[in-house]
Amino acid sequence: MSKKKEMIKVFEMNTTHDEVVDKVIYEFKDRSERGQNKYGTTLEANEKDDFLQHLKEELMDATLYIQKLQSQINNNNNNK
């Protein structure tokens, strides 16, 4: 077994039993599996995508989500 696989196995066996951490780990694994099914490759093996562009677009989306949530909060506060 490779050193990397050994480290992953040890990590999985030694979880903190923190539900928040466990949920994030589950979501990462689920997202990875869905991505591999959709794109036919792992992130590790993917050498063709422009990851800086992907990151920029994701951060732009995140900014829009923040604005949407702020608007909802402000609207809720104004309706009280």
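The values are calculated or read from the model by the stated rules, or taken from the named source; none is laboratory data. Keep in mind the model is a prediction, meaning the values are calculated, not measured. Backbone-built Cβ (ideal geometry, glycine too); neighbour counts: all protein chains shown. In case anyone asks, the SASA skips ligands and DNA or RNA and just uses the protein heavy atoms, side chains included. Shrake-Rupley method; radii C 1.70, N 1.55, O 1.52, S 1.80 Å.
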**Q.** Any chance Lys48 is over 24 Å from Asp30 (Cα atoms) and either touching a Lys or Arg at 6+ places or on another chain (Cβ under 6 Å) or not in a helix (DSSP H, G or I) (or both)
**A.** no
**Q.** Failed item in (1) at pLDDT 90 or above; (2) of a type outside the set (S, T, N, Q); (3) surrounded by 10 or more Cβ atoms within 10 Å (Cβ to Cβ), with Asp22 passing the rest
**A.** (1)
Q) Quick one: what pairs do we get from the range 34-52, first residue free of Cβ contacts under 8 Å to residues at least 12 places away in the same chain, second open to solvent by less than 90 Å² (accessible area, probe 1.4 Å) and not in a loop (DSSP other than H, G, I, E, B), C-beta under 6 Å, 6+ apart or different chains? A) Thr42/Gln36
